[in-house]
Amino acid sequence: FTVTDKVDRTRGASSTFTFLMGPKAVFDVPSGTFDTSGTSIAVGFDQMTNRALMLPSNADCSQVLAGSVVSKLGQSPTCVWQGDDFLVINLGSQATIVPGDLIVINGTTPLQSKCGYSSVELSEIPVAAPFNLVAPVVSIKGSSEVDRCSPIYVEATAESPREVLYVWMSDDPYIDAQIMGYTGSTPTINLDIYDEVFQVWVVAVDFLGGV
């Protein structure tokens, strides 16, 4: 910024000003990304922040995130700063946030640069699935014997913090038609022919896209 005397152009004064942008989320590893277990989300920033003035003992997500986001984080989520430029969102039970949703940085306390002189950050950060998806571990149990009056009992379980969708298939066309399109864990299978050998298998798909 420079000021010059209109009468004597040789007289003047100048000063340098620095404009500080608010902290921006970085969109490479690991910003806005679920961990492989699907229980936390990491958000990185392009500069040191004031941590939304959150003390180490304060993990209230509403101080840094918009209410519309906090409502998707489940029961009693926590937001923990692991550095001035790195925030970890620990999800609570019954969380509904999924890849593709937005994390909105707009809490009750302005997020600014560490010096506190920058503009206020109001970022929207898209949430991504983990870079290395881990397939759900699936277990299957069922009846060891089936009589002519009972359906086959089969149940699948998968290790996941959220509901899992199951895709059932069989090499027997009659059985495959019964279970096709069923996404639950316990399909009902009735036989039309007995004393035959057939296979039934299942694929589990979790909310992160792991298969």
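If you go through the stretch 93-101 one residue at a time, do you hit one that is of a type in the set (A, V, I, L, M, F, W, C), open to solvent by less than 40 Å² (accessible area, probe 1.4 Å) and in a strand (DSSP E or B)?
no
Within the stretch 63-85, restricting attention to residues that are open to solvent by 50 Å² or more (accessible area, probe 1.4 Å), not in a strand (DSSP E or B) and not acidic (Asp, Glu), which residue is nearest to ALA52 (Cα to Cα)?
Only one residue tops the list, namely GLY67.
Scan the stretch 104-115 and give yes if some residue there is touching a helix residue (DSSP H, G or I) at 6+ places or on another chain (Cβ under 9 Å) and without any contact (Cβ under 8 Å) to a residue 40 or more places away in the chain, otherwise no.
Yes: one or more hits.
Between a first residue in the stretch 148-173 that is farther than 27 Å from PHE34 by Cβ and at pLDDT 90 or above and a second residue that is open to solvent by 60 Å² or more (accessible area, probe 1.4 Å) and assigned to a strand (DSSP E or B), which pairs have beta carbons less than 6 Å apart while being 6 or more apart in sequence or on different chains?
Close Cβ pairs satisfying both conditions: GLU155/LYS141; MET169/TRP201.
Restricting attention to the stretch 39-61, and to residues there that are at pLDDT below 95 and among the small types (Gly, Ala, Ser), which single residue is nearest to the chain's Cα centre (by Cα)?
The residue in question is ALA42.
Take the residues of the stretch 161-197 that are touching a Leu at 6+ places or on another chain (Cβ under 9 Å) and open to solvent by 40 Å² or more (accessible area, probe 1.4 Å): which is nearest to LYS141 (Cα to Cα)?
Filtering first and then ranking leaves THR183.
Tell me which residues, restricted to the stretch 111-129, are modelled with pLDDT under 90, of a type outside the set (Lys, Arg) and assigned to a loop (DSSP other than H, G, I, E, B).
LEU111, GLN112, CYS115, GLY116, TYR117, SER118, SER119, VAL120, GLU121, LEU122, SER123
Just to be sure, is VAL146 of a type in the set (A, V, I, L, M, F, W, C), loosely packed, with under 12 Cβ neighbours inside 10 Å and assigned to a loop (DSSP other than H, G, I, E, B)?
Considered against the rule, which asks whether it is of a type in the set (A, V, I, L, M, F, W, C), loosely packed, with under 12 Cβ neighbours inside 10 Å and assigned to a loop (DSSP other than H, G, I, E, B), VAL146 comes out as no.
Mind telling me which of the residues PRO136, PRO110 ends up being surrounded by 12 or more Cβ atoms within 10 Å (Cβ to Cβ) and out of contact with any strand residue (DSSP E or B) (no Cβ under 8 Å at 6 or more places or on another chain)?
PRO110
Say we look at the stretch 49-62 and pick out the residues that are aliphatic (A, V, I, L, M) and touching a Pro at 6+ places or on another chain (Cβ under 9 Å); which of these is most open to solvent (accessible area, probe 1.4 Å)?
It comes out as LEU53.
Okay, residues lined up against (1) aliphatic (A, V, I, L, M); (2) under 27 Å from ILE179 (Cβ atoms):
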residue	(1), (2)
ALA95	yes, no
PRO99	no, no
LEU102	yes, no
ASN106	no, no
PRO110	no, no
GLY142	no, yes
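Within the stretch 149-160, which residues are open to solvent by 80 Å² or more (accessible area, probe 1.4 Å) and within 23 Å of TYR194 (Cα to Cα)?
CYS149, TYR153
The values are calculated or read from the model by the stated rules, or taken from the named source; none is laboratory data. It should be emphasised that the depicted structure is a prediction, and the values quoted were computed from it without experimental measurement. Glycine also receives a Cβ, built like all others from the backbone with ideal geometry; neighbour counts cover every protein chain displayed. What goes into the accessible areas is simple: the full protein's heavy atoms, side chains included, and nothing from ligands, DNA or RNA. Shrake-Rupley method; radii C 1.70, N 1.55, O 1.52, S 1.80 Å.
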